[in-house]
Each structure stands twice: as structure tokens, then as C-alpha cells.
Amino acid sequence: MTRQPKRSMFAGDGVAAPLQHATFRRIWLASLLSNLGLLIQAVGAAWAMTQMTSSADKVALVQTALMLPVMLISMPAGAIADMYDRRIVALISLAIALSGATALTVLAWLGLVTPEALLALCFVVGSGMALFGPAWQASVTEQVPPETLPSAVALNGISYNIARSFGPAIGGIVVAAAGAVAAFAANAVLYLPLLIVLFLWRRTSQPSRLPRERLNRAIVSGVRYIANSPAIKIVLTRTLVTGLIGGSVSALMPLVARDLLHGGAQTYGIMLGAFGMGAVIGALNITEVRKRMSGEAAIRACALSMGGAIAAVALSREPVLTAAALVIAGAVWMLAVALFNIGVQLSAPRWVAGRSLAAFQASIAGGIAIGSWGWGRLTDAVGVEAALLVSAALMLASPLLGLWLRMPRIGARNEDAEVLADPEVQLSLTARSGPLVVEIEYRVAQDNARAFHNVMQEVQLSRQRNGAYGWSIARDIADPELWTERYHCPTWLDYLRQRNRSTQSERALHQRAIGFHLGPDPVRVRRMLERPFGSVRWKEDTPDRAVSEVLPVTSSAAGGST
């Protein structure tokens, strides 16, 4: 009898597979403690606000103060994560959050916390975590192989929601036993393991051969990439809507515990724990859901289930029934958010991964922050029950968005293509020389004109999201088979970045366009330095002239070297 080799508990493609990688495992465990501390502090802050004021508006603003920074600084944070060492960025951001938590602890211990000070320091903690998020999420691709990335994303969600399952209940006990100051102190202490693990991580960096972008240009590049990526725009829009509507649960949970269930801090913690427990259940089933359902079907099912669960929370006066409804709400909320997150992570190439994830964070956090403020104002006007019923009705109606903004199909990660050699030039150029004009001539059979033009519309998005502007496609009226693609790049360095940002699928798209080319002559590329009046020096070693290159149609680099 042949003995089978012992199988690791982490083997396979299940949700636990990424834990076999030591770096990911250590960071994941430390982040679990950090998330636990953050949830304990959130309970302390929300309950402290309910003790200081009876205004539902200010209670909901605690959630806004923690989430608003994510919306406001996510894109700069994402650019920083793409530009600098993500480990260093994560360490600095955690230090900012730790300073806010420490200051809040000291003020609470001295009895000097006011509603305004509480909101301000929650904003500081939120700012640190907003800076931390893109660097942490984008670095996951450096800790696990591509095939386990969806499971790693799910595990990060599980980390937060395991903390959410137990953190609020622990927070409720801590607040009831020792006051909000103990909850704030626990958060400060639980940041330390993650700081230590990240400090000890020996990250292998892959420096770019091109100089680093300036922050403002990096932000513009990220916005431009997203604006020209239809799939990412759809995911972000659906994420924002889900956050706006579904944020009512977290924002109004203290009032559900106090006004509908007539409980205290411990009841509030238990209710949040039920929501978090459901989220863990949802995260554990992400792989199965992705196998059995399309993205649109899964999001639709999540929205309908969550709408029903929110309605049950609004109508229930029994803690057991409310907790059961919150388990369902937590499961489908986690499934929806994780599916959105995976969609963004697998759609964005490495060079813009931090900025794309920052946009995702801004969408979900911005939706929750703005929604929390709105749900608080509505609750002041009509009460907790009515506000939750409105939220439930909107959530039940939200799948109608799929008629216009259908969730894109999510496949494997779009990997970066190989780096291309710089084109040869005979004109003296510097990194800031520009603008650069690129013209590509195709000869296409007239019968293929429509199909070629359709492909070029996709090429346009590809060029523009990687850095080109002023794109156009023109057809010669004297020679209808001759087409000219034209676009600009601000500088020579921007052009070098643009041509090397193409992913494998984009290179394949460019090759499809070249595949329409006819005749013995190859596709012709002209790269020209645009010269406004008065910019040409009188004495130059090399005269100004277009830099041309002939590309063979069969070359694998032809589609990407333009």
C-alpha cells in the first residue's frame, strides 16, 4: 500500500491557502490584533458620544470621523503607496494612528474629552488608517503568489470581521467595567504587534528603472487610469452606492441598542459582534460564491438579502431576533465588499494597484461616511425605525443599477507585460523634453474598416489610461485604406512610462490592431518632439527631426512599443 504524503492544512486553493506563506501569516495575525483594538476603540468612542450628547447626528458623526479621512486622502495615499516602499509607508501611517489613539487615551484619563475633541482624534486615527490601507492591501501581492490573491483578500476581510465579531463585545465589556479610557488604551497597545512585524519584514523591492513620479502627477495618473477603465468605474460606482445605503447599520447601531432594544454598552457590543460574526461566515464562503455565481448575480443576491435583514432590524424589539438579522446582514455585506475589492485588485496592474485600491477605499468609506451623516439627520427627523426602513427599501431597489451598470466579469489578475527597450533616437532629449507626438500608420482593407475602428476605440482607452492624451484616429480621404493613430505625451519620460505600463492583455489588444495591417510594408511609427514658436535653439549638434521606427507586424513587441 502506497503511503500518501501528508497534506498541509493550508494546501489547496481554499481560503486558508495564503497562510502557508510566513510573511503573510505574521502580518495577518498582527493585523487581527490591530483590528481588534480599532473595534474596541470604536465601541468606546460611540458609547462615549452617547453619554455626552443625545443627538443622533453627533453619534453618527463618530462613524463619519473614522471613515471620512479614507475618502479624502485615499488617492494621495494610494499614490504614495505606489511611489515609495510600502513597508515604510505602512509604518509611518500606523505611527500616526497610534499617536491619535494615545492622545485620546490621555485626554479621556484626564477627563478632558469633549464631543469635538473626540471627533477630531477619531479623525486622526482614521487618517492614519486611510494612509495605511492602500499600502497594506497593495503589498499583499508581494506576500502571496497570484493564484492565492483572492483568498488573501478574503482573509484580510476575515481578519477585520473576526475582530468585529469579538471586538465590540469585548469593547462593551471593557467600557462597562473600566470606561471609555480603557477602550482607547487597548487600541493604542494593540497597534504595537503590527508595527513590530512590519518593521521586521524584509521586503524585496523592485525599483523602477525610470525616475519616480511627483506626487501630483502620480495622483493625476491614477485618476486618469480609473477614468479610462470602464470595469473599475462600474465596480467603484456600485461600491459607493452600497456604502451609502448599507452604512445605516453601522451608523445607527448604538441607537438600535439604546432606543429599540433598550440596552446598554454590552448590548451594543453584542449586536456589533453578531454583525461581525456574519461577516466572517460571508468571507469564508467567498470562494464558493465566486465559483457558483456571476458577479452581478452575487451582488444582486447580497443586496436583496441585506435589504430584508435591515428591515428585520428596524422592526425587531427582541435582541435575539435582531442579532440573527445582523448575522445575515454581516454575511452579505462582507460578500459584497469582498467581491468589489477582488474585482479592483484583479483589474489593476501593479504600477497603479495602490491608487486603484485607494479609489475603492474612498468609494466604500466615502459612501459610509456620507451615508452615516445622512442617516443620522434622517433619524433625528423621523426616528431610528423609520430611517432603517428607508435604508432597507433603497437596498432592495439597488439591484436595478445592474440594468445600466452591470458588474464586469472578474477573471485572473491582469499581469504586467515585459519591459520594453527604449526606442533609438537621434535628437538630444532630456526627461522633460516634450510634448511628444506619436503617430502610427495602419493600412487596413476597406471591408475591415468597421471592425478595425471598433478595436481602436479600445486602444484609445488603453493609451489614455496609461498616460496619453489628445488621442485621435484619422482616415486618409485620398487613400481610404490608410489610417493614422495619433496621441500626445507631456514629456519624453512620460512617454517611456506610458509605453511600459501596458499589461499583457493590452499588448494583445495592440497586436489585434496591428493584425489588421495589410501589404508588404510594416506598420510605421513616428515619434516627434512638438516645437512651439521660438523653442528651437539656433545651434544644435543634431537638427530637429522626427524620430521614426519601423515595426515588424509579427513582432511581439510591436503592439507595446508604440
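The values are calculated or read from the model by the stated rules, or taken from the named source; none is laboratory data. Here the structure is a predicted model, which is why all the values come from computation and not from measurement. Here the Cβ is made from the backbone with ideal geometry for all residues, glycine too, and neighbour counts use every protein chain on show.
With the requirement that a residue be within 22 Å of the chain's Cα centre (by Cα), part of a helix (DSSP H, G or I) and either basic (Lys, Arg) or farther than 10 Å from Ala329 by Cα (or both), what does region 282-300 give you?
Passing the criteria: Ala283, Leu284, Ile286, Thr287, Val289, Arg290, Gly295, Glu296, Ala297, Ala298, Ile299, Arg300.
Results for (1) within 20 Å of Val235 (Cβ to Cβ); (2) modelled with pLDDT under 85, shown as yes or no for each residue.
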site: Met306; (1), (2): yes, no
site: Ala311; (1), (2): no, no
site: Ala314; (1), (2): no, no
site: Ala325; (1), (2): no, no
site: Ala329; (1), (2): no, no
site: Arg350; (1), (2): yes, yes
site: Arg355; (1), (2): yes, no
site: Ala381; (1), (2): no, no
site: Glu385; (1), (2): no, no
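For residues that are out of contact with any helix residue (DSSP H, G or I) (no Cβ under 8 Å at 6 or more places or on another chain) and without any contact (Cβ under 8 Å) to a residue 12 or more places away in the chain, scanning just region 277-317, find the one that is surrounded by the fewest Cβ atoms within 10 Å (Cβ to Cβ).
Within region 277-317, the match that is surrounded by the fewest Cβ atoms within 10 Å (Cβ to Cβ) is Lys291.
Would you check if Arg86 is at pLDDT below 80 and in contact with a Phe, Trp or Tyr (Cβ under 9 Å, 6 or more places away or on another chain)?
Answer is no for this residue.
Condition check ((1) closer than 25 Å to Gly246 by Cβ; (2) in contact with a Cys (Cβ under 7 Å, 6 or more places away or on another chain); (3) in a helix (DSSP H, G or I); (4) modelled with pLDDT of 85 or more) across all residues:
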| site | (1), (2), (3), (4) |
| --- | --- |
| Met71 | yes, no, yes, no |
| Leu91 | no, no, yes, yes |
| Thr102 | no, no, yes, yes |
| Val106 | no, no, yes, yes |
| Leu112 | no, no, no, no |
| Leu119 | yes, no, yes, yes |
| Phe132 | yes, no, yes, yes |
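Of the numbered conditions (1) surrounded by fewer than 18 Cβ atoms within 10 Å (Cβ to Cβ); (2) more than 28 Å from the chain's Cα centre (by Cα); (3) assigned by TED's automatic domain parsing to the domain that holds Ile219; (4) not hydrophobic (A, V, I, L, M, F, W, C), Asp422 satisfies every one except a single condition; which is it?
(3)
Yes or no: Pro399 touching a helix residue (DSSP H, G or I) at 6+ places or on another chain (Cβ under 9 Å), buried (at least 17 other Cβ atoms within 10 Å of the Cβ) and not assigned by TED's automatic domain parsing to the domain that holds Ile310?
For Pro399, the condition - touching a helix residue (DSSP H, G or I) at 6+ places or on another chain (Cβ under 9 Å), buried (at least 17 other Cβ atoms within 10 Å of the Cβ) and not assigned by TED's automatic domain parsing to the domain that holds Ile310 - is not met.
If you check Ala183, Ala176, Ala188, Ala97, which single one turns out to be closer than 17 Å to Met67 by Cα, among the hydrophobic types (A, V, I, L, M, F, W, C) and assigned by TED's automatic domain parsing to the domain that holds Ala362?
When all the criteria are applied, what remains is Ala97.
When Ala474 is evaluated against the numbered criteria (1) at pLDDT 95 or above; (2) hydrophobic (A, V, I, L, M, F, W, C); (3) under 21 Å from Tyr225 (Cβ atoms), which criterion, by number, is the only one it fails?
Only one criterion in (1) at pLDDT 95 or above; (2) hydrophobic (A, V, I, L, M, F, W, C); (3) under 21 Å from Tyr225 (Cβ atoms) is unmet by Ala474, namely (3).
Scan region 257-272 for residues that are among the aliphatic types (A, V, I, L, M) and surrounded by fewer than 24 Cβ atoms within 10 Å (Cβ to Cβ) and report the count.
3
Pick from Ser391, Ser398, Ser433: which is assigned to a loop (DSSP other than H, G, I, E, B) and of a type in the set (Ser, Thr, Tyr)?
Ser433
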